[in-house]
Every structure is written in structure tokens, then in C-alpha cells.
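The values are calculated or read from the model by the stated rules, or taken from the named source; none is laboratory data. Predicted model only: the values in this text are computed from it and were never measured. Virtual Cβ from ideal backbone geometry, glycine too; neighbours counted across all protein chains shown.
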Amino acid sequence: MLSITTSGTKLCSGVTRREVLRIGGLGMGGLSLPQLLRAEQSASIPKRHKAVIMIYLVGAPPHQDMYDLKMDAPAEIRGEFLPIETTVPGIQICEHLPLLAGMMHRLVPLRSMYGSPDGNHDSFICYTGRSVNNQPAGGWPSLGSTVSKLQGPTVESVPPFFGLAPNAGHPPYGSPGLPGFLGISHSAFRPSGPVQDDMQLREISAERLSSRRSLLASLDILKREIDASGTMQGMDDLNRQALDILTSDRLARALDVTLEDPAVRARYGKGDPKNYGDGAPRNPDHFLMARRLIEAGARVVTLNFGRWDFHDHNFSEAKNTHLPIFDRALSALINDLHERGMAEDVAVVAWGEFGRTPRINPNAGRDHWPEVGGGLLAGGSFRTGQVIGATDRLGASIADRPVHFGEVFASLYQHLGINALDIYLKDHAGRPHHLVDGWKPLPELG
């Protein structure tokens with residue numbers, strides 16, 4: 001938390017020991033801040049900048065029950081849901097996604113996603129485009145951390161990379177995307193829980209806060225002795241960044257969705273801010289908050305939605321607890337971006353780590369199926385109103401145009417103005433790595 005207490009034993013500087021511990025921990029507890037090193041220089045943000053909103057559908061949703069229904073398959077594979085027409089002739093999706101069907105001309109369903117190395121649950125591939133196996137020294141960085149490193153903030157009081165997911169019972173379900181070998185200063189800023197209430201000085205004066213900067217500076221030598229690897233230096237950066245944020249209300253206002261027009265907020269619908277099982281919340285406010293953060297200057301915002309690991313009661317769970325909330329929140333976000341003139345500048349992707357088994361199990365569920373999955377793209381000046389890829393009549397294997405996670409990442413980097421094949425980043429051992437493993441942007445997206 002960024003709250004600052006005023007009780008406890010006083011040091012000679014007039015600062016309490018408790019305050020020292022609070023300030024020294026500003027970068028911890030889910031509040032890691034991407035690099036924000038300079039003082040705030042401008043009261044306004046650029047009118048336009050490229051950005052990405054990435055929605056991780058926690059636990060892997062059933063691809064054949066959302067965007068790739070198989071009505072010619074046997075009943076034990078076909079399932080209970082029916083397809084409906086969309087605004088694009090020839091493209092049908094699930095009957096429980098009517099709002100997304102009504103804007104298919106603004107969407108790109110991906111029906112042939114692959115790349116997950118196994119059937120284990122992990123958000124890693126969704127946030128990096130790479131396998132969690134055989135990582136380099138320090139680990140692969142996520143999209144948001146890479147963009148933080150390469151492009152930095154658009155506004156010094158607003159981190160370039162945000163993760164809206166709270167911690168989850170299964171840790172990968174709560175991950176916003178890790179910084180890997182880029183280090184802690186490029187971690188996601190995670191404003192979960194009551195943090196926005198603590199991002200204001202209230203009764204603490206700016207002058208008193210400034211004295212704490214001096215206190216932090218006095219601890220630099222000790223910190224370097226504690227950790228010569230550079231990790232503690234990264235923490236120092238985060239402390240300074242946190243103090244910069246504390247002196248500006250831009251971020252606090254962006255995170256406060258109650259400041260939004262009530263009619264707009266209502267359009268996103270109501271969900272549940274509590275985690276669903278060991279997964280993530282089904283929180284439409286996160287979709288709205290993502291748009292507000294982009295407007296405030298963020299470059300990458302990730303959010304985690306629900307828990308789609310329906311090994312039993314797949315159809316009742318999807319129909320009653322997930323699809324309606326997701327349909328309304330995502331369609332509202334996409335409409336919002338278009339109405340505000342942001343759609344060309346903001347790319348949106350929603351996906352899970354793999355697909356689900358073609359055959360329905362005895363518990364009316366679908367199990368893990370890494371052979372193929374699905375996803376959805378919107379915005380970003382992409383050529384929308386088309387489907388990319390196809391599966392066989394059972395939804396079991398790729399029949400046409402395989403789409404690897406890495407290709408989508410290359411497309412997202414290109415949208416952000418980054419040529420992923422021309423840039424190298426060095427791991428902790430000093431070895432250079434491309435941003436993607438040789439993948440090129442999807443030519444179908446234009």
C-alpha cells in the first residue's frame with residue numbers, strides 16, 4: 001500500500017520507523033511500478049498514442065462453445081449451444097454472445113490458436129507469446145514489460161504497464177504478466193484492492209514527503225550491500241516512482257470509475273469484483289478502467305477475467321456465470337473505443353491459454369486441449385469483420401491457417417510501432433533475444 005502512517009518511534013529526521021518501512025516497501029505487495037524516473041514535466045498527455053488491452057480468460061475457455069460451434073458434429077461433441085448470425089454474413093458465434101455478434105464487423109475471431117506446450121494452466125503464453133519451458137536467464141518478459149523497457153511512459157506520473165488482476169488462489173491466474181529478465185522496474189503497476197484510496201497525500205504535506213526522499217537516499221549504500229545483484233537498485237527506482245505518483249492525482253482519477261458518466265458505466269454491466277474460485281473476478285469495471293488508463297497515458301493494460309476451467313457443468317457455467325458478463329463488458333469496451341475515436345490506436349485481444357476437449361466428459365464438462373484454442377481481436381487499425389483460421393468438423397485439430405501466439409504478439413508489437421524482428425533484448429547472462437521467435441505479423445490483419 002502507498003498509505004503513510006504518522007505514528008511510532010521518531011528518528012532524528014522526524015520520520016518514524018514505521019514510515020521508513022512503509023516507504024521502503026512501496027514497490028512490494030503487488031505494487032511494482034514500471035520505470036518512472038524523471039519528475040513530472042507536463043500537465044497534459046499526448047492526444048494519441050498506441051496501446052494494447054489484453055484480456056486473459058483465466059483457465060482456458062471452450063473455443064467450440066464460443067466462436068467455433070460445430071453443429072455437424074455428434075451430440076457428444078457438439079454441445080448444447082446454438083450459433084447465431086452476426087453482422088458479417090457467413091460468420092456465426094454462440095447464441096450467448098449476442099452483443100459481440102452485433103459488432104462482428106469490428107472483430108476478428110481466431111479459430112486456430114496454438115502454441116501452448118502442454119495442458120497445464122498458466123497465463124504465461126498469453127502474456128509473452130512463448131512457452132514457459134526452457135526460459136533464458138531471468139525468464140521471458142511479458143508484452144507490457146517489454147513495452148515499458150522500449151517505450152517508457154507517455155506521462156511521468158502514469159506507468160506504461162498496468163495489471164488489473166488481484167492475486168488469485170492459483171498464482172498464474174492472478175498474474176498480470178511478469179517482467180522476466182527486464183527486472184522489477186518494468187513490472188506491472190497493480191492497483192488492485194483499496195490502493196487508489198492510498199494514492200493521495202491527504203494530511204501528509206508534500207514538504208514532509210520530500211524529506212522521506214532524503215531518508216531513502218541515505219539508505220542506498222546499505223541496500224547495495226544487501227543485494228549486489230541489482231534487484232535492490234530496482235526497488236529504489238520503484239520507491240522514487242511511487243513518490244512521483246503520490247504527488248499527482250492523474251492516476252488516482254483514472255482508476256476511479258465512479259467519476260465516469262453513469263450511463264457509460266452502466267453500459268459495461270454488473271459482474272462480481274470477488275475472485276471466481278481460485279481464478280479472477282468477473283468485473284466489468286476492469287474493462288472500463290482499462291479504457292480510462294489508456295486515456296490517462298498507459299501503453300499496455302492487462303486484465304484477468306473469471307475462471308473458465310469447466311471440467312464439469314461446462315454449459316451451465318458458461319451460460320450462467322461467464323458469457324453474459326463477458327459479452328456485455330467487452331462489447332461496451334469496443335463500442336467505447338470507437339465512440340471516443342480510440343479504436344485505431346488501441347488494440348484489444350481476449351484469449352485463454354489453450355482450448356477444451358472436443359468430447360464432452362461424463363460430468364458435462366470439457367477438459368484441457370492444447371492442440372487448438374481460440375481468441376478474439378479488435379481495434380488497432382486491424383482489418384476486422386473476418387475469421388482467421390479453421391478447425392476440423394470436430395473442433396479437435398487445425399484444418400486451415402494455424403495461428404501461433406507469437407504471430408499475434410508480432411502484430412501487437414507492430415501496432416505499437418515496434419519491429420519485433422529488428423530489436424534484441426539481453427537476458428541476465430548477456431545473451432541477446434528477439435522479442436518474438438521469428439514470428440511475423442499476421443498479414444490478414446492488413
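Return a yes/no flag: does the stretch 267-287 have any residue that is aliphatic (A, V, I, L, M) and either at pLDDT below 95 or part of a helix (DSSP H, G or I) (or both).
No, the stretch 267-287 contains no residue that is aliphatic (A, V, I, L, M) and either at pLDDT below 95 or part of a helix (DSSP H, G or I) (or both).
Just wondering, is there one or more residues in the stretch 148-166 that are without any contact (Cβ under 8 Å) to a residue 60 or more places away in the chain and not acidic (Asp, Glu)? Talk me through it step by step, then tell me what you get.
If we filter the stretch 148-166 for residues that are without any contact (Cβ under 8 Å) to a residue 60 or more places away in the chain, which is where we start, we get none.
For the stretch 148-166, residues without any contact (Cβ under 8 Å) to a residue 60 or more places away in the chain and not acidic (Asp, Glu): absent.
Could you tell me which residue of the stretch 100-121 is nearest to the chain's Cα centre (by Cα), considering only residues that are on the phi < 0 side of the Ramachandran plot and assigned to a loop (DSSP other than H, G, I, E, B)? Step through it out loud before you land on a result.
Let us first name the residues in the stretch 100-121 that are on the phi < 0 side of the Ramachandran plot, namely 100-114, 116-121.
Applying the additional criterion that residues be assigned to a loop (DSSP other than H, G, I, E, B) yields 102-103, 116-121.
On the way: GLY102: 25, MET103: 23, SER116: 18, PRO117: 21, ASP118: 22, GLY119: 21, ASN120: 20, HIS121: 16 Å.
If we take residues in the stretch 100-121 being on the phi < 0 side of the Ramachandran plot and assigned to a loop (DSSP other than H, G, I, E, B), then HIS121 is nearest to the chain's Cα centre (by Cα).
Does at least one position in the stretch 375-393 carry a residue that is more than 27 Å from GLY102 (Cα to Cα), of a type outside the set (A, V, I, L, M, F, W, C) and in contact (Cβ under 8 Å) with a residue 12 or more places away in the chain? Full working, then the answer.
So in the stretch 375-393, the residues more than 27 Å from GLY102 (Cα to Cα) come out as none.
Scanning the stretch 375-393 turns up no residue that is more than 27 Å from GLY102 (Cα to Cα), of a type outside the set (A, V, I, L, M, F, W, C) and in contact (Cβ under 8 Å) with a residue 12 or more places away in the chain.
Need a quick list: strands (runs of 3 or more DSSP E) entirely within the stretch 322-418 having at least 2 residues that are buried (at least 17 other Cβ atoms within 10 Å of the Cβ), small (Gly, Ala, Ser) and at negative phi.
Working: elements: 346-351, 373-379, 398-400.
Output list reads 346-351, 373-379.
Taking the stretch 116-156, which residues are under 28 Å from ILE93 (Cβ atoms), in contact with a strand residue (DSSP E or B) (Cβ under 7 Å, 6 or more places away or on another chain) and surrounded by fewer than 21 Cβ atoms within 10 Å (Cβ to Cβ)?
The one that is under 28 Å from ILE93 (Cβ atoms), in contact with a strand residue (DSSP E or B) (Cβ under 7 Å, 6 or more places away or on another chain) and surrounded by fewer than 21 Cβ atoms within 10 Å (Cβ to Cβ): GLY119.
Could you say whether any residue in the stretch 64-82 is farther than 13 Å from GLY395 by Cβ, buried (at least 17 other Cβ atoms within 10 Å of the Cβ) and in the same structural domain as THR391 (by TED's automatic domain parsing)? Break it down stepwise before answering.
Kept after step one, since they are farther than 13 Å from GLY395 by Cβ, are these residues of the stretch 64-82: 75, 80, 82.
Then keep just the ones that are buried (at least 17 other Cβ atoms within 10 Å of the Cβ); that gives none.
No - not one qualifying residue is present in the stretch 64-82.
Of all residues in the stretch 60-94, count the ones that are part of a loop (DSSP other than H, G, I, E, B) and in contact with a helix residue (DSSP H, G or I) (Cβ under 7 Å, 6 or more places away or on another chain). Steps first, please.
Filtering the stretch 60-94 down to residues part of a loop (DSSP other than H, G, I, E, B) leaves 60-62, 66-74, 79-82, 86-91.
Add one more test, that the residue is in contact with a helix residue (DSSP H, G or I) (Cβ under 7 Å, 6 or more places away or on another chain), and what stays is 62, 70-71, 79-81, 86-88, 91.
Total satisfying the criteria: 10.
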